[in-house]
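All remarks here apply to the structure that follows.
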Amino acid sequence: MSVLEVSMALLIVSVAVGGLIQMLTMAAGHRRTSEVRRLATQELANQAEQIALLSWDQLTPEKLAERKVAEPLLAAAQSARLSVALVDDAGPPIAKRIQLELTWNSPDGDPVEPVRLTVWRYPPMEARP
């Protein structure tokens with residue numbers, strides 16, 4: 001083998017390894033992004049379950065504003081923010097619409113598409129007109 005052949009082989013291997021490293025880096029970034037989105041979706045589901053346990057009278061904007069983001073999501077996305085909006089629907093039927101939204105920024109600081117969930121709550125049967 002001549003020096004030229006060895007040099008060409010090293011160049012080809014270097015390009016292949018460089019491409020592989022770039023692909024692995026991109027795959028790791030996508031995995032982290034999907035993991036944070038999974039945690040955000042799970043967090044909203046947990047928040048909705050906890051809100052479902054509140055009585056009709058406890059469903060107030062002040063009470064819902066006390067909701068905080070759980071630690072597992074904050075560990076993955078420190079900028080995660082939970083917003084909860086309560087809308088009274090006069091009906092019929094009478095209901096309270098609770099809109100949950102989680103927002104956060106990517107590691108680069110760019111905003112990520114938020115995760116949203118809407119829950120409707122209806123008064124107990126004995127309290128309905």
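The values are calculated or read from the model by the stated rules, or taken from the named source; none is laboratory data. Bear in mind the structure is a predicted one, so any value in this text is a computation, not a measurement. Positions of Cβ are backbone-derived with ideal geometry, glycine not excepted, and every protein chain shown enters the neighbour counts.
Working carefully through the options Trp104, Trp56, find the one that is among the aromatic types (Phe, Trp, Tyr) and within 29 Å of Gly29 (Cα to Cα). Trp104 is the lone residue from the list that is among the aromatic types (Phe, Trp, Tyr) and within 29 Å of Gly29 (Cα to Cα). Determine whether Ser106 is in contact (Cβ under 8 Å) with a residue 40 or more places away in the chain and surrounded by 14 or more Cβ atoms within 10 Å (Cβ to Cβ). For Ser106, the condition - in contact (Cβ under 8 Å) with a residue 40 or more places away in the chain and surrounded by 14 or more Cβ atoms within 10 Å (Cβ to Cβ) - is met. Listed by position, the helices (runs of 4 or more DSSP H) contained in the range 2-92 that have at least 1 residues being exposed (fewer than 12 other Cβ atoms within 10 Å of the Cβ) and touching a residue at least 60 places away in the same chain (Cβ under 8 Å) are 3-52. Could you grab me the full set of residues in the range 96-109 that are over 15 Å from Asn46 (Cβ atoms) and modelled with pLDDT of 90 or more? The answer is Lys96, Arg97, Gln99, Thr103, Trp104, Asn105. The set of residues in the range 93-129 that are among the acidic types (Asp, Glu) and part of a strand (DSSP E or B) contains only Glu101. Take the range 56-81 and flag every residue that is of a type in the set (A, V, I, L, M, F, W, C) and under 14 Å from Glu43 (Cβ atoms). Hits for the range 56-81 are Val69, Ala70, Leu73, Leu74, Ala75, Ala76, Ala77, Ala80. All of Leu117, Leu73 fail the test of being of a type outside the set (S, T, N, Q) and more than 14 Å from Thr33 (Cα to Cα), apart from Leu117.
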